[in-house]
Amino acid sequence: MMNTVDKDATKRTFIVIPKMLVADLEKHYELEHGLIVKQLNPYINEAYLQAYFRDLGKVTGCKIIKNYKSEDCKAIGFVRFATADEADMADWAGPHFIGSDVEVRRVVSPKMDKDDLSLSTSAAAVSHKDTTKRTFIFIPKMFVADLEKHYELEHGLIVKQLNPYINEAYLQAYFRDLGKVTGCKIIKNYKSEDCKAIGFVRFATADEADKADWAGPHFIGSEVEVRRVVCPKMDNQDDLSLSTSAAAVSRPRMSMGLGYIFEDAQWLDGLTDVHV
């Protein structure tokens, strides 16, 4: 039995529900579609949050609630989109980094008689570095064809938990036998506790990206986490590097430590009768 939702209530109701059940809910309520954004930095404001999502869909409302009594003082936000498809697209474009790592949930909300959300007119003038970043989408393979109707996609892998001493040439050399690598980028975060880096490797075709994904688990200096992603092609200049020196780097073996990053393990092949 469905619980009654009072649309005249002073507080907005957010519902996390499987997409297949939304149609049944729409028989009883006029729904609005959006995202709940948790773990927001308390210094983020509505204009910035609206500007972050503006390239992923038409934002029609935004609200941030700050809780200064919590231990980490994190805030929570709601971003409403004009259509369900735009809210889905913004959800799929994660993981999202809005000043810091945030948790995003796709929600629906029964429409209220009095709109409680703000829409900043200054958001269009907000220039933030996240709008120039690539959008990485982790999405089931069966839905890629639908996404390609709207965007020209590039295919690749997100590589997490990389040792910060790994560089693009080494990462490119690691994957070169699994497919044609057309671009590579590593972002290092020295403020994190473990100082781990994250990388993106782009392949020439979807099949090559799949092959590289299936070839795991991957050990690149240390154990890493690999996720298959697609990325809408950027209109501006390519932000990925392609090292010409990678061809001269011997493809790393599945070694057990970082000692082989700078010295290839193959030099051991010539040693015989080693005594300790």
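The values are calculated or read from the model by the stated rules, or taken from the named source; none is laboratory data. Since we're looking at a predicted model, the values are computed, not measured. No Cβ is skipped: glycine too gets one built from the backbone with ideal geometry, and neighbour counts run over all protein chains shown.
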Residue pairs within 9 Å by beta carbon, gap of at least six or interchain, first lying in segment 160-174 and among the small types (Gly, Ala, Ser), second assigned to a helix (DSSP H, G or I), listed first then second, are Ala169/Ala246; Ala169/Ala248; Ala173/Ala246; Ala173/Ala247; Ala173/Ala248
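Please go through segment 124-157 and pick out each residue that is at pLDDT below 65 and outside any helix (DSSP H, G or I).
Residues satisfying the conditions are Val126, Ser127, His128, Lys133.
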If Val79 satisfies every condition in (1) surrounded by fewer than 19 Cβ atoms within 10 Å (Cβ to Cβ); (2) at pLDDT 90 or above but one, which is the exception?
(1)
Criterion violated by Gly179 - all others in (1) of a type outside the set (Phe, Trp, Tyr); (2) on the phi > 0 side of the Ramachandran plot; (3) at pLDDT below 90 satisfied:
(3)
Which number in (1) surrounded by fewer than 16 Cβ atoms within 10 Å (Cβ to Cβ); (2) of a type outside the set (A, V, I, L, M); (3) at pLDDT 80 or above; (4) closer than 28 Å to Phe219 by Cβ marks the one condition that Asp194 misses?
(3)
Elements of type strands (runs of 3 or more DSSP E) contained in segment 18-84, each with 2 or more residues being touching a residue at least 12 places away in the same chain (Cβ under 8 Å), under 16 Å from His96 (Cα atoms) and not polar (S, T, N, Q):
31-40, 75-81
Just need a number here: residues in segment 89-108 that are part of a strand (DSSP E or B), within 12 Å of the chain's Cα centre (by Cα) and buried (at least 18 other Cβ atoms within 10 Å of the Cβ).
1
Can we say Asp238 is in a loop (DSSP other than H, G, I, E, B) and at pLDDT below 70?
no
State yes or no: is Thr121 over 30 Å from Lys188 (Cα atoms), of a type in the set (Ser, Thr, Tyr) and at pLDDT 85 or above?
no
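When you scan segment 169-189, how many residues do you find that are among the basic types (Lys, Arg) and either touching a Lys or Arg at 6+ places or on another chain (Cβ under 6 Å) or over 19 Å from Trp214 (Cα atoms) (or both)?
Selection size over segment 169-189: 2.
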